[in-house]
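The values are calculated or read from the model by the stated rules, or taken from the named source; none is laboratory data. Just so you know, these numbers come straight off a predicted model, no measurement behind them. Because the Cβ atoms are built from the backbone with ideal geometry, glycine has one as well, and the counts that use them run over all protein chains shown.
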Amino acid sequence: MGAPVYLASVLEYLAAELLELAGNAAKDNKKARIIPRHLLLAIRNDQELGKLLAGVTIAHGGVLPNINPVLLPKKTAETEPKSPNKAAKSPKKFYICTVGRIVVSTNRLNLINSLGHFL
């Protein structure tokens, strides 16, 4: 078997692998067509393809979603039982309103009273 045939078979395998992974990404996003975003997700989520194409930029591919774990809500807050006093009270809502160059930040009743002074 010659080098051109071997090269063609390797490229065909890589294309088939990439299309399969991109098709899975499109299916996960409930889409019927593969777009550059799906190609990027397929490449970056696969360890071997990610290593092979580490320096490649895909136009309109975007970036992988990555949220620093420090920014996520703590799981201990969900498991703590709420006291009945806290559950019964509704949280206070504060409103921010701009009138001209004056910024008012207060609850609803005070906001209405404050706006009366400016109108």
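What are the pairs, 6+ residues apart or on separate chains, where a residue within the range 39-60 that is assigned to a loop (DSSP other than H, G, I, E, B) has its Cβ under 9 Å from a residue that is among the basic types (Lys, Arg)?
From the range 39-60, the pairs are Leu53/Arg44; Ile58/Arg37; His60/Arg37.
Please verify whether Ala15 is without any contact (Cβ under 8 Å) to a residue 12 or more places away in the chain and outside any helix (DSSP H, G or I), treating the condition exactly as stated.
no
How many residues, within the range 49-77, are at pLDDT 95 or above and of a type in the set (D, E, K, R)?
Final tally of qualifying residues: 1.
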